[in-house]
1. Which order do Val302, Val84 take by accessible area at a 1.4 Å probe, largest first?
2. With each label point set 7 Å from Cα along the Cα-Cβ vector, what nm distance links Arg24 and Glu262?
3. I want to verify a result. In a Gaussian network model of the chain, Cα cutoff 10 Å, which of these has the top mean-square fluctuation: Gly372, Gly214, Gly228?
4. Summing +1 for each Lys or Arg and -1 for each Asp or Glu, what net charge is found among the other residues whose Cβ lies under 12 Å from the Cβ of Val84?
5. Using +1 at the C-beta of Lys and Arg and -1 at the C-beta of Asp and Glu, which of Gly99, Leu240, Phe171 has the Cα lying farthest in the positive direction of the dipole of the chain?
6. Ranked from highest to lowest mean number of other Cβ atoms within 10 Å per residue, what is the order of the peptides 202-210, 39-47?
7. Please list 276-285, 22-31 highest first by mean number of surrounding beta-carbon atoms within 10 Å per residue.
8. Please name which of Gly13, Ala390, Gly319 has its Cα lying farthest along the dipole of the chain towards the positive end, using unit charges on Cβ (Lys, Arg +1; Asp, Glu -1) and the Cα centre as origin.
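The values are calculated or read from the model by the stated rules, or taken from the named source; none is laboratory data. Not measured: the values here are computed from a predicted model. Glycine gets a Cβ as well: all are built from the backbone with ideal geometry, and neighbour counts include every protein chain shown. Just so you know, the surface numbers come from the protein's heavy atoms only, side chains and all, with ligands and any DNA or RNA stripped out. Shrake-Rupley method; radii C 1.70, N 1.55, O 1.52, S 1.80 Å.
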Amino acid sequence: MDQKRILLIVGGGIAAYKTLELTRLLRKAGVAVRPILTRAGAEFVTALTLSALAEDKVYSELFSLTDQAEMGHIELSRSADLVVVAPATADLMAKAANGLAGDLASTTLLATDKPVLMAPAMNVRMWLHPATQRNLRTLQADGVSFVGPDDGPMACGEQGPGRMAEPAAIFEAIMASLESGGARPLEGKRAIVTAGPTLEAIDPVRMLTNRSSGKQGYAIAGALAALGAKVTLVSGPTALPAPFGVTRVDVESAGQMLAACEAALPADIAVCVAAVADWRPAEIGDKKIKKGSGAPPAIVLVENPDILAVLSKDRRRPGLVIGFAAETNDLEDNAQAKLARKGCDWIVANDVSVAGTMGGDDNKVVLVTPRGIERWERMAKGEVAQKLAARIAKEFP
Ligand code: CTP
């Protein structure tokens, strides 16, 4: 394979420091990196650091005789296989969405004929502002791909979506994009992703639920959407925002989750990540159960429908049905048995006895397919999602 080249536009945000690590990862993987550092970006990282890590010259000025003598800005905009903007600030997104070209970075984005991938990073209110959301939709409609932003504590002290995706996740998105030639290999495909816990009511105030955070399922929904799929995310109660480009259907119980999945059929892909409660109370009290004076009440449980198994057997069965397996022991044997029992095509198994997996940001998984077992390294849930989405895309050449 020819050496792959990316043009890396570094915008002005604190997350620019993470772009240095991204540059290192890309160089380690043999990808050539040509950086453009905006004036605001240079307030956060120096051209010298960026140049040393990229092992290339850093371009900064639109009207620079020296730069123009080496490579004109039009040529620069086309000198790579992919243009990456990290961090993509609100300002850079707004400029690109509106076709402004007042500096080197925005001119490059307007002049390029190459695919563009943005990793947004900004304060949560700036991200959620209708103007930024409008720009996001415009850019998506223009064919720009996105990775992140993540949800979490931010440098400005606030909490919420806006944090730039981790370098490893951006790296995975870049590699997937380079591999697919920047195309959106899942364009036109429909995917259903279930995520989060289910909530089974006991009475109007009590419920049975579990510790699933929804992070892995949301990341997968986002990664599939980034590759062009039309994704319906059927989610139990979580604290997460819907990833971009994803249609989210909120449900509580397993019964509601199944109904929402069936309503989203037909689909090409189903990924069941939700931690569906296996049982629900046989009866839901319409009034709060009182303590009374007798013995504690017995809660009689009945089995919930198995959404993964139902989708695997449906007459409108998606072409690729993937289940997850949360195991605490005999991971691979249990996963293989589950693959057969549920009738799905692949199982992604994870060991939930490892502290920090449930609710945490990392995951170590094993992919079980009829072709064999792949043991993936421990990585961020975002990376697992990118890698799985890339694998799924390979099934739809
Ligand atoms: N699943 C589902 N509906 C259910 C239970 C599970 O769709 N009622 C799906 C999950 O989303 C996951 C897979 O089935 O993709 C496996 O879930 P897991 O809890 O590991 O397996 P169980 O079927 O519950 O088996 P066990 O608890 O015996 O391990």
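1. Numbers: Val302 55, Val84 0 Å².
Listed by decreasing accessible area, they come as Val302, Val84.
2. 5.3
3. Highest fluctuation among the options: Gly372.
4. Values: positive: Lys4, Arg5, Arg34, Lys114; negative: Asp81.
Spelling it out: positives minus negatives among the neighbours equals +3.
5. Selected residue: Leu240.
6. Numbers: 202-210: 15.4, 39-47: 17.2.
Per-residue mean Cβ counts within 10 Å order the peptides as 39-47, 202-210.
7. Details: 276-285: 16.2, 22-31: 17.8.
Averaged packing, sorted descending, gives the order 22-31, 276-285.
8. Comparing the listed Cα positions along the dipole, Gly319 ranks first.
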